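Enquirer: Just passing along the structure, written as structure tokens.
Read-outs: derived from the displayed coordinates by stated rules, not from any lab. Predicted model only: the values in this text are computed from it and were never measured. For neighbour counting, all protein chains shown are included, and Cβ atoms are generated from backbone atoms with ideal geometry for every residue, glycine included.
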Amino acid sequence: MDTFIRRTMIFFIGAFGYYSIEVLYRGYSHWTMFLAGGLAFLCLYILFNTSFSLPYWACCCIGALIITAIEFSVGIVVNRWLGWHIWDYSKLPCNILGQVCLLFSIIWLILCIPIGFLTRLLHEKVVNKIMFSMLNSLKRKEVLNKKIHP
């Protein structure tokens, strides 16, 4: 339960964050980007906060690959299969089926540097404190219920 609540919180932080950044950058977004952003941020949160002994730069490279893979997968579904035409990188060099391109993969790599620090900060300072207070609150309620209803 603790893991589910924590990961749901992280998903929504990433979903709202990415959606907001895209609206600021492009002036609009799509609900599928809300989902893709949440999934990508959750994956990065897990990547940067696991006990792997990978160097930080390697985590950033893996993070960029994860984001690119999510972008490609979502793009194939919404742009190619469903024909919604949400984005098209076909005019950019080094693209794959117009869904991902080298330029944006490099941008994801650069953005993984601050995102990695943000996920660690969230994990250490925010999420753990919220989860700790929520669990203590639930434990107090359980203790009270046991005393009231033996």
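Enquirer: Quick query: amide H of Trp84 versus all other amide H atoms, modeled in the peptide plane; which residues come in under 5 Å with a sequence gap of 5 or more or a different chain?
Expert: The answer is Asn79.
Enquirer: Write down the radius of gyration of region 1-95 and its Dmax, each obtained from C-alpha positions, in Å.
Expert: 14.7, 46
Enquirer: Hey, rough spin-label estimate for His85 and Ser20, points 7 angstrom out along Cα→Cβ, what's it come to in nanometres?
Expert: 3.2
Enquirer: Take every Cα-Cα pair in region 40-130 and report what % of them are more than 23 Å apart.
Expert: Details: 1376 of 4095 pairs.
In whole percent, the share of Cα-Cα pairs in region 40-130 beyond 23 Å is 34.
Enquirer: Show me 105-111, 35-41, 59-65 ranked by packing, highest mean number of other Cβ atoms within 10 Å first. Please list the in-between numbers first.
Expert: Numbers: 105-111: 15.9, 35-41: 22.0, 59-65: 18.9.
Order by mean packing, descending: 35-41, 59-65, 105-111.
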